[in-house]
Amino acid sequence: MLLVASIVLTGLILVYRPLATIDGEYRLLGLDQRAEVLRDTYGVPHIYAQTAHDLFYLQGYVTAQDRLFQMDLYRRAGEGLLAQVLGEPGLDSDKQFRTFGLTRVAARELPLLRDDTRDNLSAYAEGVNKFLEGHGDSLPLEFVILGYRPARWTALDSLVVAKLQAYDAANNLDQELLRAGLASRFGTGVLATLMPDPSGRAASMDERAWAAVAPYLSAAPSAVALSSFLPRAGEGAGSNCWALAGSRTATGKPILAGDPHLAVRNPSIWYEVGLEGAGYDLVGFSFAGIPGIVIGHNDRIAWSLTYAYTDTQDLFVERQDPTDPRRYEYKEQFEPATFVRESIDVKGRADPSIVDVAITRHGPIITPLLKDQTAPLALRWTALEPGRLVDFIFELARAGSWQEFRAAAADFTGAAVSACYADVDGHIGYQLIGQLPARKGDGQMPVPGWTGEYDWTGALPLSANPSLLDPPSGMIVNANDRPTQDPRSAGYIGEWDPGFRAAYIAQRLASLPKADLPAMRAIQTDYASTPVGRWREVILAASPKTDLQRRAQALVRDWDGTLSAQSGGAAVTEAWLMRMLARTFQDKLGDKLYADYLGHGRAVFALYELLARPDDPWFSDAGDPAVRGRDGVSTLALEDATRELVARFGNDPTKWRWGDMHTITFAHPLAIGPLALLLNIGPLARSGDGFSVNNGAYDPAKPYRQTTNASERMIADLSDLDNSLSVTPVGESGQPGSKYWGDQAPLWNAGDYKPMRFSRDRLGAIDGRLVFRPR
């Protein structure tokens with residue numbers, strides 16, 4: 001009994017001792033002047049300082065209070081140092097990012113930044129390190145589990161974390177590999193069917209380039225995925241944002257709403273914080289490890305971002321000198337590559353893992369990271385070129401007008417995002433932010449590197465990026481769809497969302513005579529899914545063979561079409577969809593290529609398009625040659641779906657529920673075995689799917705657990721910024737045991753919000769007040 005009590009007591013100490021101190025007065029070496037941090041009732045820190053140094057110093061300090069392990073995990077992921085503390089499970093990720101060289105490019109980027117940006121980065125690092133100095137004996141539980149202490153933070157670490165976030169926004173690499181695999185197996189003609197362009201543009205395949213590189217590529221090259229420690233990193237995800245002009249709102253001033261759809265993670269990707277002093281007055285969402293705010297509002301403007309899905313990555317097939325593999329052909333001559341030796345310490349190993357990275361004029365050779373590929377493939381990516389990405393954050397924070405906002409956007413490099421904008425003067429706008437490569441062709445397939453013909457020739461002029469101010473409609477909407485069909489924007493190419501969410505949002509907004517915050521909440525949490533109409537039509541065209549299959553079909557027929565967690569019709573429809581994908585594509589592609597296709601292609605959208613052609617040859621079944629046509633395959637898929645649902649829930653269709661299949665768990669990176677009970681949040685029943693405004697996307701390769709979520713929701717009221725709303729899926733703290741860990745999850749899942757507090761005199765009840773003075 002004593003032993004059990006001792007174990008419980010030790011566990012409680014490990015969980016509760018590291019929790020943030022939010023009340024008191026302290027003297028800190030390094031502060032310039034007196035400063036305060038007020039915590040509201042959701043633990044959001046509002047920092048008040050008299051100098052920029054102190055403002056960002058304390059942002060580093062409070063972020064470390066709440067998110068120290070997350071900061072260190074991100075830093076280690078970007079710098080290729082996970083294996084040092086995780087052992088073998090972190091090695092593939094380390095090899096990937098050592099090959100990419102995020103740290104190498106960040107080191108080149110640091111001197112390019114403005115002096116005040118470097119000062120702010122240094123101040124943030126000082127604050128993190130001051131927290132470490134005072135709390136080395138009360139580190140968060142994860143450090144105890146893994147048995148290490150975090151190193152001191154540096155300005156370079158923040159730049160690496162910024163590069164890691166840019167990687168999250170880039171998804172073309174895997175899709176180029178997938179296209180190459182499909183074209184190698186079936187020819188390039190299949191791409192229009194299996195990888196359709198949602199914008200409706202005709203394909204611009206460079207057959208000559210493909211003929212040159214095809215002999216060097218395997219039939220199914222695929223990338224090594226970043227491990228579960230950062231799930232679904234580099235897969236692009238999605239987002240919604242919109243802005244309404246005052247002519248469309250009840251207050252006569254704009255409303256802006258945004259909800260980035262990112263990978264499900266715990267802690268939350270975003271850390272909400274308020275910053276006031278030295279010319280800054282803003283509140284919003286930061287990345288743990290980076291000072292400033294990425295999404296939010298100041299006292300003049302509000303903004304939100306969505307992934308633009310523009311193509312910022314290209315693969316170049318290189319040809320080695322047969323007499324000297326250290327040299328690569330370029331314009332009929334051979335030139336030496338640059339080689340960097342990376343030594344990776346691996347926990348549990350006596351010797352380090354050595355990675356020799358070859359870097360051609362097109363970028364690092366990533367072939368060792370790929371499965372089933374031997375030819376040298378070099379990655380050209382805008383994020384691997386030094387820029388001034390972090391300058392953007394601080395310039396944006398001080399922007400007070402559309403012109404200043406666009407000027408700040410000019411410094412955004414390494415990724416591309418779509419921005420929705422609104423200001424207190426009544427303006428609304430859209431801006432594509434990011435420098436895009438000037439290239440020959442459309443960048444959708446690997447190209448020859450040895451000819452020089454397909455080299456990037458620089459960046460497209462920023463003036464070519466789509467931009468829109470105060471449209472006559474009084475409405476700006478973007479949901480990862482292509483925002484322009486202007487032929488002058490030919491260089492604006494990418495992997496577009498089909499546009500279902502954008503069209504639905506626009507339709508809902510257009511129906512509102514005078515929009516208010518409740519209406520914005522209703523749209524942002526709406527789980528209707530446009531493609532459901534087509535799924536339903538094809539399910540009802542099936543010919544069920546058993547009474548149970550007929551009852552399943554009847555659930556769909558009698559259903560209102562909404563993907564409610566309580567719906568049986570939704571459960572049948574989504575189960576049928578997964579089985580229809582398999583019946584249509586799996587036997588033709590083979591298991592491996594089919595798995596890659598589900599993971600990185602647009603399989604669901606391709607099926608949506610195919611279903612409009614009932615006699616398409618893709619609708620056949622290798623196991624039964626008599627089955628032909630869409631409706632015949634739909635019948636088989638309904639049989640499969642019914643069998644699956646019976647296995648899950650039994651023979652009574654009235655007990656089938658979409659939310660019992662479709663759940664979300666905010667899984668902690670270290671949640672293994674019994675630790676999952678302590679570190680995870682969920683599972684929670686979820687409505688919707690990947691085409692819902694209230695995003696409920698899951699991986700078709702591993703249905704039906706939700707893998708992408710609204711990583712935060714914000715609604716900014718430009719008539720009264722203190723009336724704005726926000727919510728995150730998990731909460732402010734990354735530490736189990738904190739009252740701010742998981743406290744927002746019930747709000748988020750129910751479609752509710754909390755106040756997005758801004759002005760000091762309107763913070764409401766205060767949970768904590770820290771006063772800091774210089775030592």
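The values are calculated or read from the model by the stated rules, or taken from the named source; none is laboratory data. Computed from a predicted model, the values in this text were never measured in an experiment. Using ideal geometry, Cβ is built from the backbone for each residue, glycine included, and neighbour counts are taken over all protein chains shown. Surface areas here come from the heavy atoms of the whole protein model, side chains and all, with no ligands, DNA or RNA. Shrake-Rupley method; radii C 1.70, N 1.55, O 1.52, S 1.80 Å.
Kindly report, to the nearest 10 Å², the accessible surface of LYS655 as traced by a 1.4 Å probe over protein heavy atoms only.
130 Å²
Taking H as built 1.01 Å from N, whose amide H comes closer than 5 Å to the amide H of ILE295, not counting residues under 5 places away?
PHE285
Report, for the chain, the % of DSSP beta bridges that are antiparallel, rounded to 5. Working shown, then result.
Details: 93 of 104 bridges.
In the chain, approximately 90 percent of DSSP beta bridges are antiparallel ones.
Counting only residues 5 or more places away or on other chains, whose amide H sits under 5 Å from the amide H of SER724 once H atoms are built in the peptide plane?
Amide H to amide H, under 5 Å and 5 or more residues apart or across chains, SER724 pairs with ASP717, MET756.
Where does the chain land at 222 nm, in deg cm²/dmol rounded to the nearest 500, when only DSSP H runs of n ≥ 4 count, each adding -39500 (n - 2.57), divided by all residues?
Working: 24 runs with 255 residues, N = 775.
Helix-only estimate at 222 nm: -10000 deg cm²/dmol.
Quick check on region 64-128: take the gyration tensor over C-alpha atoms, sort the square-rooted eigenvalues as a ≥ b ≥ c, and tell me if it's rounded (a/c under 1.5), prolate or oblate. Intermediate values should be presented prior to the final figure.
Values: a/c = 4.30, a/b = 1.42, b/c = 3.04.
In terms of gyration-tensor shape, oblate.
Could you look at region 591-709 and say what percent of its accessible area is carbon and sulfur, using a 1.4 Å probe and all protein chains? Walk me through the intermediate numbers first.
Numbers: 2530 of 4700 Å².
Answer for region 591-709: carbon and sulfur cover 54 percent of the accessible area.
Quick one: 3J(HN,Hα) in Hz for region 280-285, Karplus 6.51/-1.76/1.60 with θ = phi - 60°, rounded, Gly and Pro as x.
9, 7, 8, 9, x, 10
With a 1.4 Å probe and every protein chain left in place, work out the accessible area per residue of the chain in Å², rounded to a whole number.
On the way: 27670 Å² over 775 residues.
Result: 36 Å² per residue.
Amide H to amide H under 5 Å from GLN435: which residues, 5+ apart in sequence or cross-chain, H placed 1.01 Å off N in plane?
For GLN435, whose amide H was placed from the backbone, the distant partners under 5 Å are GLY414, ALA415.
So if R0 is 56 Å, what FRET efficiency would ALA765 and ALA541 give, r being the distance between their Cβ atoms, rounded to the nearest 0.05?
Details: r = 57 Å, r/R0 = 1.02.
After rounding, the FRET efficiency stands at 0.45.
Using a 1.4 angstrom probe and counting only protein chains, how large is the accessible area of ILE354 in Å², to 10?
80 Å²
As a test of reading the structure, rank ARG300, ARG149 by solvent-accessible area (1.4 Å probe, protein chains only), most first. It would help to have the intermediate numbers written out before the result.
Numbers: ARG300 85, ARG149 150 Å².
Putting ARG300, ARG149 in descending order of accessible area: ARG149, ARG300.
How far is it, in nm, from the label point at THR193 to the one at VAL627 when both lie 7 Å from their Cα along the line to the Cβ?
1.7 nm
Given a cut-off of under 8 Å on Cα pairs at least six residues apart, what relative contact order in percent is computed for the chain?
On the way: 1729 pairs, mean separation 144.4, N = 775.
Averaging sequence separation for qualifying contacts and normalising by length gives 19 percent for the chain.
Pull out a ≥ b ≥ c, the square roots of the eigenvalues of the alpha-carbon gyration tensor of region 626-775, then state rounded if a/c is under 1.5, prolate if not and a/b is larger than b/c, and oblate in the remaining case. Present the calculation step by step, with values, prior to reporting the outcome.
Values: a/c = 3.32, a/b = 2.06, b/c = 1.61.
It comes out prolate by the Cα gyration axes.
Could you give the Stokes-Einstein D for the chain in µm² per second, using the C-alpha Kirkwood radius, 4 °C, 1.567 mPa s? Mind showing how you got there, number by number?
Working: Rh = 27.3 Å.
Once the numbers are plugged in, D ends up at 47 µm²/s.
Using θ = phi - 60° and the Karplus curve 6.51 cos²θ - 1.76 cosθ + 1.60, what whole-Hz ³J(HN,Hα) does each residue of region 713-724 get, with Gly and Pro shown as x?
10, 9, 10, 9, 9, 6, 7, 7, 4, 6, 8, 6
I'd like the FRET efficiency for THR323 and ASP115, computed as 1/(1 + (r/R0)^6) with the beta carbon distance as r and R0 of 45 Å, rounded to 0.05. Mind showing how you got there, number by number?
Numbers: r = 49 Å, r/R0 = 1.09.
The value I calculate is 0.35.
For region 309-323, just list the computed ³J(HN,Hα) in residue order, Karplus coefficients 6.51, -1.76 and 1.60, θ = phi - 60°, integers in Hz, with x standing in for Gly and Pro.
6, 6, 8, 10, 10, 9, 9, 10, 7, 9, 10, 7, 5, x, 9
How many nm separate the modelled label positions at LYS592 and TRP456, each set 7 Å beyond the Cα in the direction of the Cβ?
That separation, rounded to one decimal, is 3.1 nm.
If only Cα atoms are counted, what is the Rg of region 486-629, and what is its Dmax, in Å?
Rg, Dmax (Cα atoms, Å): 18.5, 57.
Please work out whether region 701-775 counts as rounded, prolate or oblate from its C-alpha gyration tensor, where a ≥ b ≥ c are the square roots of the eigenvalues and a/c under 1.5 means rounded, while otherwise a/b larger than b/c means prolate and anything else oblate? List each step's numbers first, then the result.
On the way: a/c = 2.69, a/b = 1.44, b/c = 1.87.
Cα axes put region 701-775 in the oblate bin.
Given LYS163/LYS440; LYS163/LYS702; LYS440/LYS702; LYS253/LYS440; LYS95/LYS754, which pairs have Cα atoms separated by over 32 Å? Don't skip to the end; give the middle numbers.
Working: LYS163/LYS440 26 Å; LYS163/LYS702 29 Å; LYS440/LYS702 37 Å; LYS253/LYS440 44 Å; LYS95/LYS754 41 Å.
With Cα atoms farther than 32 Å apart: LYS440/LYS702; LYS253/LYS440; LYS95/LYS754.
So between ARG550 and ARG648, what do we pick up on full extension, going 0.36 nm a residue minus the alpha carbon distance? Before the final figure, lay out the partial values.
On the way: separation 98, 0.36 × 98 = 35.28 nm, distance 1.81 nm.
Full extension of this stretch gives 33.5 nm more.
Can you pull the Kirkwood radius for region 317-397, inverse mean 1/r over Cα pairs, to one decimal in Å? The partial results should precede the final answer.
Details: mean 1/r = 0.0656 Å⁻¹.
Result for region 317-397 stands at 15.2 Å.
Convert 37 °C to kelvin, take the viscosity as 0.692 mPa s, use the Kirkwood radius over C-alpha pairs of region 62-205 as Rh, and evaluate the Stokes-Einstein diffusion coefficient in µm²/s, rounded to a whole number.
Working: Rh = 18.0 Å.
Value of D from the Cα-based Kirkwood radius: 182 µm²/s.
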